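See below for the structure under consideration.
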Amino acid sequence: MEKTLALILALLMLCACGAQEEPVAQEPQSETENPEISEPDEEWPKVSIKNSGNFIGEETVFEDGSKIIRILDSEGNQIGVDYKKIRFLGETALCQYVGEVDGKAMGFFYDENGDPYAKEIDTTYYYILDRNGYPVADRAFESFDVAPGTDVTLRGISKGGLYDYHEEDGKLNPVYFDEAFENDWGNGFFYTGYFYNIDLAGSWKYGVKKNGEVLYDNIYSGISLDFGNRFWLWMECEDGSIKNLLGDENGNIICDKFQSFGWCPVNEEKCIGTASVGRQERGEYARTFDEKGEPMPEGMWFIDKDGNIISERFEYIELIFDMESRVPWGTFGFDSVCAKSVKVTYENGETEIIDITEYLLDY
């Protein structure tokens, strides 16, 4: 009996010992406690060399994906500038490649109303390169056209200017430059011009600066300076219609309700101003509105220097000129024929030559 009890007790102790040795669940170790060993990053930038047969191209690619391409001569010296892309052109012996760079230029646009405006934009500039990678012109172009065998082998537009080149005797010679300009108008005003790439044909647009500040952007098809501080601004809209605006010396549009207006000298001290709506014989003019936003009626009026109406509405106003009397007038001071009287047409169709004394203005 004692042996039996001893055996049972031994078995119970063995089971208890087995339970104590059962493994205890462990929390997984963190990565910081046992980090994985990663491979080292690739080395940047990456540089590769390509031989075009005529020159060596060195391409450098950076970690962000951007790259630059340099053209090297046989001795490893760089030719030209750093390009972002080079492509084959092959139009003429002197115009074989195009090297592209990033830059900024003034762009010409139309707003939701169809009125033009200008703003600085990011763009691509193109260097035209010969077969050895040398630039054939001393500038990069926002756009260009190559026409082998013509008088203008290369035409390019750059920073508001138009440039023509002709290939002759193995050289590309400039034959015509028409560059962006600023001409002194006096009284602190400068008349400016900029050539935009509206299609490759391009288009000149004009503006005004004063003391280095832009008063009117280069968006107008024509500008004249009257009375030394008033600007007649001719604007072409997206639909082809024309707007005539009057601006002051601070860059403000002070009158936009007429389709056409202007002033004519009467003598060396006095002039007369007229304005019209619906009385133009040339071109499509945009609709105009008065100060309350109502459409302007068709007709003609006498106006002052600020475009304010100073007469009743007439069906038509016809200036009668003294062909023998001329005085300096307008933007460039050229002699202008003087008006000596005026014939008006009333709403009922009657006409009359009237006294214009009350409508005369000082220069």
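Worth a mention:
- Candidates G222, G65, G307, ranked by Gaussian network fluctuation over the chain, Cα under 10 Å, top entry: G65
- Paramagnetic label zone (point 7 Å from Cα along Cα-to-C-beta, F321; backbone N under 16 Å) in the range 247-262: 262
- Unit Cα scatterers, Debye sum, the range 242-290: log10 I(q)/I(0) for q = 0.13, 0.27, 0.29 Å⁻¹: -0.37, -1.02, -1.07
- Estimated at 0.36 nm per residue, the fully extended path between E58 and E238 surpasses their Cα-Cα distance by 60.3 nm.
- Top of N308, N250, N77 by mean-square fluctuation, Gaussian network on the chain, Cα under 10 Å: N77
- Computed E for N113/Q280 - FRET, C-beta separation, R0 22 angstrom, nearest 0.05: 0.60
- Projected-area mean, the range 51-113, by convex hull of Cα positions, square nanometres: 7.5
- Other residues whose C-beta falls under 11 angstrom from the C-beta of F289 contribute a net charge of -1, scoring Lys and Arg +1 and Asp and Glu -1.
- The range 181-270 has equivalent-ellipsoid semi-axes of 23, 18, 12 Å, by the square roots of 5 times the alpha carbon gyration tensor eigenvalues, sorted largest first.
- Backbone geometry of the range 246-263 corresponds, through the Karplus equation with coefficients 6.51, -1.76 and 1.60 at θ = phi - 60°, to 3J(HN,Hα) couplings of 10, x, 9, 6, 10, x, 9, 7, 9, 8, 9, 8, 10, 7, 8, 7, x, 10 Hz, x marking Gly and Pro.
- The per residue volume of the convex hull around the alpha-carbon atoms of the range 40-183 is 166 Å³.
- Between G99, G53, G299, the residue with the greatest mean-square fluctuation in the GNM of the chain (Cα pairs under 10 Å linked by springs) is G53.
- E352 sits with roughly 90 Å² accessible to a 1.4 Å probe, with DNA, RNA and ligands left out of the calculation.
- Extension gain (nm, one decimal) between D138 and V101, 0.36 nm per residue minus Cα-Cα: 11.9 nm
- Descending Cα extents along the principal axes, the range 212-251, whole Å: 31, 21, 12
- Only one residue of N244, F258, I79 has its Cα farthest out toward the positive end of the dipole of the chain, where Lys and Arg carry +1 and Asp and Glu -1 on Cβ, and that residue is I79.
- Potential lengthening of the chain between N229 and D169 amounts to 16.4 nm, from the contour at 0.36 nm per residue minus the alpha-carbon distance.
- Charge context of Y83, other residues only, Cβ under 12 angstrom, K/R +1, D/E -1: 0
- Using only side-chain charges placed at the Cβ, +1 for Lys and Arg and -1 for Asp and Glu, the dipole size of the range 183-322 relative to its Cα centre rounds to 200 debye.
- Using a Förster distance of 25 Å, the FRET efficiency for D335-D355 (Cβ separation, nearest 0.05): 0.45
- The Stokes-Einstein estimate for the range 243-349, based on a Kirkwood radius over Cα pairs and taken at 10 °C with 1.306 mPa s viscosity, is a diffusion coefficient of 106 µm²/s.
- Which of Y117, F62, F321, positive extreme of dipole for the chain (C-beta unit charges): F321
- Each listed q (0.13, 0.20 Å⁻¹) maps to a log10 I(q)/I(0) for the range 72-141 from the Debye sum over equal C-alpha point scatterers, namely -0.49, -0.82.
- Of K210/K305; K67/K104; K209/K257; K50/K85; K243/K305, those spanning more than 22 Å from alpha-carbon to alpha-carbon: K209/K257
- Summing +1 for each Lys or Arg and -1 for each Asp or Glu among the other residues whose beta-carbon sits under 15 angstrom from that of E167 gives -4.
- Convex hull per residue volume in Å³, alpha carbons only, for the chain: 336
The values are calculated or read from the model by the stated rules, or taken from the named source; none is laboratory data. Note that the structure is a prediction, hence the values are computed from the model and not measured. Glycine also receives a Cβ, built like all others from the backbone with ideal geometry; neighbour counts cover every protein chain displayed. Calculation scope for accessible area: heavy atoms of the full protein, side chains included, ligands and nucleic acids excluded. Shrake-Rupley method; radii C 1.70, N 1.55, O 1.52, S 1.80 Å.
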